[in-house]
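Read through the structure below, which is laid out as structure tokens, and then see the notes.
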Amino acid sequence: MQNNSIKILLADDDEDDRLFFTEAFEELKIKSSVSTFKNGVLLMEYLNQANCVLPDLLFLDLNMPKKSGIECLKEIKQEQRFKDMVIAIYSTSASEEDIEKTFVLGANIYIKKPNDFGKLKKALSEVVTTNWQYQTNSLNKENFLLRL
Amino acid sequence: MKNTVTYNYRFLKLAFGLDLFIILCIGGFSYKHTQDLKKSVELTKHTYEVNIELKDLLTNIKKTEISERDFIISDDSSFIDNYNRGRIKIAENLKNLDVLTQDNALQQTNLDSLNKAIGQRLFYLSETLEDYKSGNLNSPGFKSSFELGNLKMSSIEKEVEIMMSHEDNILYERKKQSEKALSRTPIILYSVLILTLLLLLVAYAIINRDLKAFKHTNEKLNMFKESASLSEIVSRHGSWTCHIDDETYEFSDNLYRILGEEPQSFESTIENFMTFVHKEDVEKLTAQVERMVVEQNLPFIYYRIIRKDGEIRHLKAYGEAYTNDDGENKLIGTTADITDEVHNFQIIEERNEELERNNKELSAFNYVASHDLQEPLRKIQTFISRLDDKESKNLSEKGKMYMDRIRKAADRMRLLIDDLLQFSRTNRADSVAELTDINIILEEAKQENLEVIVEKKATITYDEFPEIAVIPFQIKQLFINLLGNALKYSKEDVTPHINITYEKVAAKKDVNLHYMPENFYHKISIKDNGIGFEQEYAKKIFTLFNRLHSRDEYSGTGIGLSICKKIMDNHNGLIIAHGKPNEGSTFTVYIPEQLS
């Protein structure tokens with residue numbers, strides 16, 4: 001993973017957030033390719049292509065038109081093909097209910113969108129540099145929500 | 001009461017039976033007594049008859065003797081007729097005596113010897129008469145016959161004497177016996193009579209007492225009936241009785257009034273009653289009434305009636321089986337007019353629905369505040385941080401100052417939104433109280449304020465706390481806010497010191513708890529040495545958005561203490577503030593020992 005550039009996907013209906021996201025990765029100096037989708041339908045269409053290169057990391061906004069982040073998460077977790085994909089929830093709200101639900105559905109981490117660009121960079125860098133192979137085994141609810 | 005009456009009733013039955021038996025006995029005694037008297041009279045009569053007959057016999061013998069002597073002396077043949085008649089009479093006397101003494105063997109024996117003596121006497125009489133007729137008056141035969149005859153006469157008299165004295169003896173003995181028996185009889189009769197009278201008296205006393213009790217009970221019953229009928233009017237219910245065996249009904253006055261009719265203005269039949277029942281409920285009620293008669297029980301049933309003026313009333317009925325001492329089966333029931341309750345219930349239902357709607361709107365508002373309002377703000381803040389990082393070098397000093405102002409305003413808006421959200425999320429409904437170690441909660445609250453504590457070198461001392469039933473995250477928020485306030489409003493030149501004390505208090509002994517419902521409360525006081533406040537603001541500081549200082553003096557939204565108040569309301573507890581300017585303030589919270 002370290003040698004090749006990391007393939008990152010983001011599904012978020014908010015244009016500004018997509019901008020912050022891509023700009024943050026540009027400034028992070030991590031070899032990465034970032035693709036963004038406006039909603040869940042477009043994301044799933046992309047993933048379900050037979051010849052599609054699967055991402056290492058998928059960032060999912062929860063509140064999206066047409067297909068919500070939760071629905072995408074459910075579909076992805078049902079597909080054996082996507083089992084190695086690390087899924088990060090990337091949402092404005094951090095309600096107990098959303099955290100609980102996405103944790104149960106099998107997301108790897110929950111990020112509450114920060115209100116400072118510096119914090120955003122810090123959060124994304126932490127997620128990308130985490131060794132998920134190791135982290136997955138000790139996954140628990142206490143460290144599910146990323147604390148900055 | 002009922003038992004005593006039953007007991008008395010049994011006693012009366014017994015007394016009556018006993019009295020009857022005693023009177024029968026008295027009758028028996030009297031009859032026997034009379035019989036005895038009659039017997040003794042007959043016996044006396046018999047004795048006299050025997051004695052008279054014996055005397056008559058003696059007289060007749062003597063008369064016969066005299067007649068013979070008269071004939072011998074006068075030779076008048078008419079005397080010989082007397083003589084013959086005397087002999088016949090003697091024979092009759094003997095015959096009568098034989099009959100009279102038939103039942104007495106001894107007297108029969110005596111009579112036999114008497115008979116023999118009389119026979120000899122009569123023989124000597126006829127000897128002397130023969131001697132006289134043949135003229136042998138001076139012959140020795142006549143003389144000896146005459147003397148022997150006289151001798152026999154005295155033995156006859158002796159025999160008669162024996163018989164008479166024997167008869168007297170018998171009479172005397174029997175009299176003595178019957179007198180003895182008869183003398184006891186009156187005493188027995190008298191005492192038995194007294195006993196009967198006593199029994200009658202006791203029975204009378206009991207009946208009298210029972211009658212009095214019955215009268216008293218009757219009066220009470222009447223009063224109870226009156227008050228029951230009054231209470232029926234007040235509480236709007238009527239009562240009815242169903243005689244199950246013949247399916248007849250009795251309705252109370254107020255049942256008629258509930259139907260909108262004059263008391264007892266129509267016959268109390270189920271058919272008449274059914275004419276008032278709402279058409280939609282007739283079937284249901286009829287089925288229930290039929291079941292009621294069969295099963296002898298009426299469960300709660302709700303139905304409507306329509307009064308003659310068209311008013312619809314809601315009724316509720318209930319009945320229970322009752323069997324009286326005579327084995328008569330009844331169903332006693334109550335029918336209540338619950339129209340007002342139904343209406344009130346409907347109003348409450350409507351209000352509940354409205355409240356629920358309001359609550360839903362509120363949570364929708366919460367969502368808007370938490371999500372949609374935060375989103376643009378978050379972006380403003382992020383863009384500001386972008387500008388700060390990348391573009392500040394292109395800005396003039398004034399431009400930088402404006403940027404700083406914009407950032408501060410955005411930060412403040414963030415604070416306000418967060419606090420408001422915190423306030424609206426502090427609800428009771430979705431939180432559960434659990435036994436919580438307050439020491440841990442307090443430690444966590446300290447950690448949240450750690451930055452300020454370190455910065456101001458503040459010291460915090462506190463007592464050991466027990467486990468208390470609370471909503472943990474809310475009490476943690478309470479401590480965070482109270483510690484935060486104590487640290488924020490510290491005096492500039494004095495190191496902040498916060499002292500937290502705990503004690504359990506009885507509501508009666510704490511002046512702040514006089515109107516609180518529970519008996520015991522946990523009292524936690526948080527005392528600081530900060531700037532304090534005027535006591536007159538002690539209540540005001542808990543109201544939403546209320547602040548005692550301007551924003552440039554101390555930051556804050558005026559929501560923190562309102563959250564504390566709300567948290568204590570959720571716990572059915574109390575929060576009280578005491579302040580003295582320049583000396584410090586004390587916040588005291590009371591948490592009920594039993595949190596329901």
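Tabulated results
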{"read-out": "Quarter of Cα convex hull surface for the stretch B:398-481, i.e. mean projection, nm²", "value": "7.4"}
{"read-out": "Net charge over other residues, Cβ less than 14 angstrom from the Cβ of residue B:74 (K, R count +1; D, E count -1)", "value": "-4"}
{"read-out": "Cα Rg, Dmax (largest Cα-Cα span) when computed across the stretch B:306-438, Å", "value": "32.7, 111"}
{"read-out": "Nearest 10 degrees, 0 to 90: helix B:279-295 Cα axis against chain B principal axis", "value": "40"}
{"read-out": "In the stretch B:312-386, the GluC sites (Glu not before Pro) that fall in loop regions by DSSP, at most 14 other Cβ within 10 Å", "value": "B:328"}
{"read-out": "Nearby lysines by direct alpha-carbon distance to residue B:38 (threshold 20 angstrom, same-chain neighbours under 8 apart not counted)", "value": "B:175, B:176, B:180"}
{"read-out": "Those residues of the stretch B:34-52 whose amide nitrogen sits under 16 Å from the label point placed on residue B:63, 7 Å along Cα→Cβ", "value": "B:52"}
{"read-out": "Distance cut-off 21 Å, percentage of C-alpha pairs in the stretch B:2-203 lying past it", "value": "67"}
{"read-out": "Translational diffusion of the stretch B:236-337, µm² s⁻¹ [Kirkwood Rh, Cα pairs; Stokes-Einstein; 10 °C; 1.306 mPa s]", "value": "116"}
{"read-out": "Positive dipole terminus of chain B, leading residue within B:381, B:222, B:506 (C-beta point charges)", "value": "B:381"}
{"read-out": "Rh (Kirkwood; distinct C-alpha pairs) - chain B, Å", "value": "39.7"}
{"read-out": "Using alpha carbons only: equivalent-ellipsoid semi-axes of the stretch B:177-243, gyration tensor based, whole Å", "value": "58, 11, 4"}
{"read-out": "Protein accessible area in the stretch B:258-303, 1.4 Å probe - carbon and sulfur %", "value": "52"}
{"read-out": "Summed residue charge, Cβ within 15 Å of residue B:561's Cβ, Lys/Arg positive, Asp/Glu negative", "value": "+3"}
{"read-out": "Percentage of interatomic Cα-Cα distances in the protein assembly as shown larger than 43 Å", "value": "68"}
{"read-out": "Longest exposed-site-free window of chain B, the sites being chymotrypsin sites (Phe, Trp or Tyr not before Pro) in a DSSP loop that have at most 12 other C-beta atoms within 10 Å", "value": "B:1-514"}
{"read-out": "Heavy-atom accessible surface of the stretch B:185-238: percent carbon and sulfur, 1.4 Å", "value": "74"}
{"read-out": "Heavy-atom accessible area per residue - chain B, 1.4 Å, Å²", "value": "62"}
{"read-out": "Cβ-placed point charges (K, R +1; D, E -1), dipole of the stretch B:2-203 about Cα centre in debye, nearest 20", "value": "1560"}
{"read-out": "Hydrodynamic radius by Kirkwood, which averages 1/r over all alpha carbon pairs of the stretch B:428-592, in angstrom", "value": "16.2"}
{"read-out": "Positive dipole terminus of chain B, leading residue within B:21, B:333, B:78 (C-beta point charges)", "value": "B:333"}
{"read-out": "Value of Rg to Rh for the stretch A:29-148 (Rh from inverse mean 1/r over Cα pairs, i.e. Kirkwood)", "value": "0.93"}
{"read-out": "Listed pairs B:284/B:316; B:456/B:566; B:63/B:89 exceeding 22 Å between Cα atoms", "value": "B:456/B:566"}
{"read-out": "Charge dipole of the protein assembly as shown about the Cα centre (unit charges at C-beta), most positive-ward option of A:105, B:299, B:66", "value": "A:105"}
{"read-out": "Distant-in-sequence amide H partners of residue A:90 (H built 1.01 Å from N, under 5 Å)", "value": "A:60, A:61, A:62, A:111"}
{"read-out": "Chain B - charge dipole about Cα centre, Lys and Arg +1 at Cβ, Asp and Glu -1, debye rounded to 20", "value": "1700"}
{"read-out": "Charge dipole (debye, nearest 20) of the stretch B:420-576; +1 at Cβ of Lys and Arg, -1 at Cβ of Asp and Glu", "value": "480"}
{"read-out": "Net charge contributed by nearby residues that have their C-beta within less than 12 Å of residue B:499 (K/R +1, D/E -1)", "value": "-1"}
{"read-out": "Pairwise burial B:A, computed as accessible area of each alone minus the pair, summed, 1.4 Å, Å²", "value": "1400"}
{"read-out": "Volume per residue of the C-alpha convex hull in the stretch B:142-257, rounded to whole Å³", "value": "200"}
{"read-out": "In order through the stretch B:349-355: 3J(HN,Hα) via Karplus (6.51 cos²θ - 1.76 cosθ + 1.60), integer Hz, x for Gly, Pro", "value": "4, 4, 5, 4, 4, 4, 4"}
{"read-out": "Among the listed pairs A:83/B:379; B:476/B:565; A:74/A:119; A:38/A:119; A:119/B:408, those beyond 25 Å (Cα-Cα)", "value": "A:83/B:379; A:74/A:119"}
{"read-out": "Degrees, to the nearest 10: B:105-133 long Cα axis against longest axis of chain B", "value": "20"}
{"read-out": "Between helix B:438-448 and chain B: long-axis angle, C-alpha atoms, 0 to 90°, nearest 10", "value": "10"}
{"read-out": "The stretch B:178-224 and the stretch B:400-416: distance between their alpha carbon centers, rounded to Å", "value": "111"}
{"read-out": "Helix-only [θ]222 nm of chain B, DSSP H runs n ≥ 4, -39500 (n - 2.57) each, per residue, nearest 500", "value": "-22000 deg cm²/dmol"}
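The values are calculated or read from the model by the stated rules, or taken from the named source; none is laboratory data. Quick caveat: nothing in here was measured; it's all calculated off a predicted structure. Glycine gets a Cβ as well: all are built from the backbone with ideal geometry, and neighbour counts include every protein chain shown. These accessible areas exclude ligands, DNA and RNA; they are computed on the full protein's heavy atoms, side chains included. Shrake-Rupley method; radii C 1.70, N 1.55, O 1.52, S 1.80 Å.
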